[in-house]
Amino acid sequence: MALSTAIEIEAFADKLTESADMLHAKTVAAAAKKLISHEVAQQAFEQASILRQEANSFYIDAAQKVLQDLDMSQDEILGIIDKAKSHIELIDKIEEGLVIVTQLLDLVAKVQSADIKGVISVTKELKNQFKD
């Protein structure tokens, strides 16, 4: 069945995004050469934007699919991210914040690649780091 895994959903979203990016690039080039009217350019930009928004909804679907396969709730993951934000708010050295953001970006990458074991590993690291 098509679009049944997080990876398939993300690949679909990637293709939509690539199409939106191509329309945007072609529109910019055509507008620069005055090959299209302002109105046509505006319509093309709006359509590309809508296509990107739709792609983003599929990225969200892919992330939700990954999270469904985890043995933790969305509230638990959001709680970890909220603790990271609170920790960043309290730090004195920006380098500490960069370490935390790097871990959050690693979490994002694991979710995007549907790496369940990686998501679990990163969330455990973050939990341990923010124990009171």
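The values are calculated or read from the model by the stated rules, or taken from the named source; none is laboratory data. The model shown is predicted, which means the values in this text are computed figures rather than measured ones. Using ideal geometry, Cβ is built from the backbone for each residue, glycine included, and neighbour counts are taken over all protein chains shown.
Would you tally the residues in segment 108-122 being under 12 Å from Ile77 (Cβ atoms) and either at pLDDT below 90 or of a type in the set (Gly, Ala, Ser) (or both)?
5
Which condition number does Ser4 fail, the rest of (1) within 20 Å of Lys110 (Cα to Cα); (2) surrounded by 13 or more Cβ atoms within 10 Å (Cβ to Cβ); (3) polar (S, T, N, Q) being met?
Condition not satisfied by Ser4: (2).
May I ask you to list the residues in segment 55-109 that are closer than 15 Å to Ile9 by Cα and of a type in the set (Lys, Arg)?
Across segment 55-109, the qualifying residue is only Lys65.
Specify which of the listed residues (Ala84, Ala48) is over 30 Å from Ser4 (Cβ atoms) and surrounded by 15 or more Cβ atoms within 10 Å (Cβ to Cβ).
Exactly one residue qualifies, and that residue is Ala84.
Count, please, the residues in segment 65-78 that happen to be surrounded by fewer than 15 Cβ atoms within 10 Å (Cβ to Cβ) and either of a type in the set (Gly, Ala, Ser) or closer than 16 Å to Leu3 by Cα (or both).
3
Could you pull out the residue among Ala48, Ala62 that is touching a His at 6+ places or on another chain (Cβ under 8 Å) and under 30 Å from Leu23 (Cβ atoms)?
Ala48
Give the residues of segment 10-68 that are of a type in the set (A, V, I, L, M), touching a helix residue (DSSP H, G or I) at 6+ places or on another chain (Cβ under 7 Å) and closer than 30 Å to Thr123 by Cβ, sorted by residue number.
Listed by number, the residues that qualify are Ala13, Leu16, Ala55, Ala62, Ala63, Val66, Leu67.
Hey, can you tell me all the residues within segment 69-95 that are under 19 Å from the mean Cα position of the chain (by Cα), aliphatic (A, V, I, L, M) and more than 20 Å from Ala114 (Cα to Cα)?
The one that is under 19 Å from the mean Cα position of the chain (by Cα), aliphatic (A, V, I, L, M) and more than 20 Å from Ala114 (Cα to Cα): Ala84.
Residues to consider are Leu98, Leu126; find the one that is part of a helix (DSSP H, G or I), more than 23 Å from Ala63 (Cα to Cα) and not small (Gly, Ala, Ser).
Leu98 is the lone residue from the list that is part of a helix (DSSP H, G or I), more than 23 Å from Ala63 (Cα to Cα) and not small (Gly, Ala, Ser).
Looking at Lys15, Lys26, Lys85, Lys65 in this structure, which one is within 23 Å of Gln129 (Cα to Cα) and either in a helix (DSSP H, G or I) or among the aliphatic types (A, V, I, L, M) (or both)?
After ruling out the rest, the residue left standing is Lys85.
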